[in-house]
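Scroll down for the structure; my scribbles are underneath it.
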């Protein structure tokens with residue numbers, strides 16, 4: 001371990017940060033995304049102090065594969081944009097840069113200052129920037145060139161102690177951004193870290209600050225939970241802290257009123273985690289279907305009018321997941337998958353009138369009642385008469401031109 005010093009107001013050297021070597025932090029450079037390394041190298045070669053920061057450093061230290069690599073630098077957004085042609089500046093209040101490498105997006109931010117508080121957008125130094133981070137284990141900086149971890153806030157020791165400790169004072173951390181309460185529960189459940197008693201008390205007493213948070217931010221957080229592979233532990237933690245009622249109020253109410261529903265709901269989350277952890281490419285809506293499957297059984301009459309049941313299921317499930325606002329196609333696919341599990345095939349039809357695309361009525365069919373193929377024809381001596389199928393196509397016409405004017409129903413995703 002080394003110590004980084006800076007000059008105090010009186011000119012004397014003072015400790016600023018601890019610097020941990022590879023033998024201490026145990027991060028392997030090969031585990032860092034190669035494109036993230038390329039971004040750091042190019043910014044540094046342009047003369048800008050740059051690090052990998054946040055959850056990626058935390059995950060690498062606890063032995064988890066990071067999903068995202070965030071980068072922080074002293075370069076301004078405009079300068080970052082000039083260095084990387086494959087980038088764009090986003091945000092109005094907080095100006096960030098997204099750098100694109102194929103389907104991958106890397107968020108690059110400029111050091112922020114504490115001059116106007118922990119939510120200001122004024123640029124500053126790396127020492128100020130780390131003090132704006134939410135928790136100490138998210139404020140560690142990784143320098144891939146020297147392969148060292150720079151720690152200004154004691155996050156290294158907190159990771160070793162498996163302790164979740166705020167960087168920002170408790171008196172303002174959740175008032176500045178209530179979503180930090182959700183992240184505290186998520187981080188603790190995902191890593192197995194302990195939330196100190198005082199922090200738990202503060203979260204429970206200030207949980208109502210989440211009430212005015214926009215549905216878009218809550219939707220973003222719930223989708224992170226769905227894809228985390230740790231949703232069971234996260235939801236259990238949020239329920240204990242009184243937070244889940246703001247993410248999924250209807251599910252939370254049902255769980256508290258009915259123990260059997262709670263047991264089924266948590267079992268569905270366990271199944272969802274298993275699917276999310278698999279390397280298989282899941283169909284659209286599959287993970288979301290686990291969030292609504294137990295509720296769907298309470299509103300659908302499977303022996304009645306199936307078309308009406310499907311319509312009602314969509315409407316009821318849309319209201320059930322509020323304030324989460326998933327994409328329409330995601331929810332429709334989730335409901336179709338659940339109907340398919342009950343042996344009911346739902347095919348979505350579309351019609352085209354005067355060049356405009358309009359929704360058609362879905363086709364509902366019980367899989368067990370599908371029409372059997374016609375009886376085989378036989379010759380006079382009793383042998384089966386086989387007939388070849390012919391595909392008729394007009395000459396010079398494309399396959400698309402041969403299609404009928406009304407599009408055929410789309411098969412459900414499996």
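Points to keep in mind about this one:
- Shown for 122, 50, 240: other C-beta atoms within 10 Å of each C-beta, ranked fewest to most, produce the order 122, 240, 50.
- Each label was represented as a point 7 Å from its Cα along the Cα-to-Cβ direction; for residue 330 and residue 49 these points are 3.9 nm apart.
- Amide N of segment 123-159 lying under 18 Å from the label point, which is placed 7 angstrom from the Cα of residue 3 along Cα→Cβ: 149-157
- Fewest-first sequence of 315, 289 by Cβ atoms within 10 Å of each Cβ: 315, 289
- Label-point separation, residue 312 to residue 81 (7 Å along Cα→Cβ), nm: 5.3 nm
- Residue order, fewest to most surrounding Cβ atoms within 10 angstrom, among 87, 216: 216, 87
Each value in this text was obtained by applying a stated rule to the coordinates, not by laboratory testing. What you see is a predicted model; the values in this text were computed from it and never measured. With ideal geometry, Cβ positions are generated from the backbone for all residues, glycine too; neighbour counts draw on all protein chains shown.
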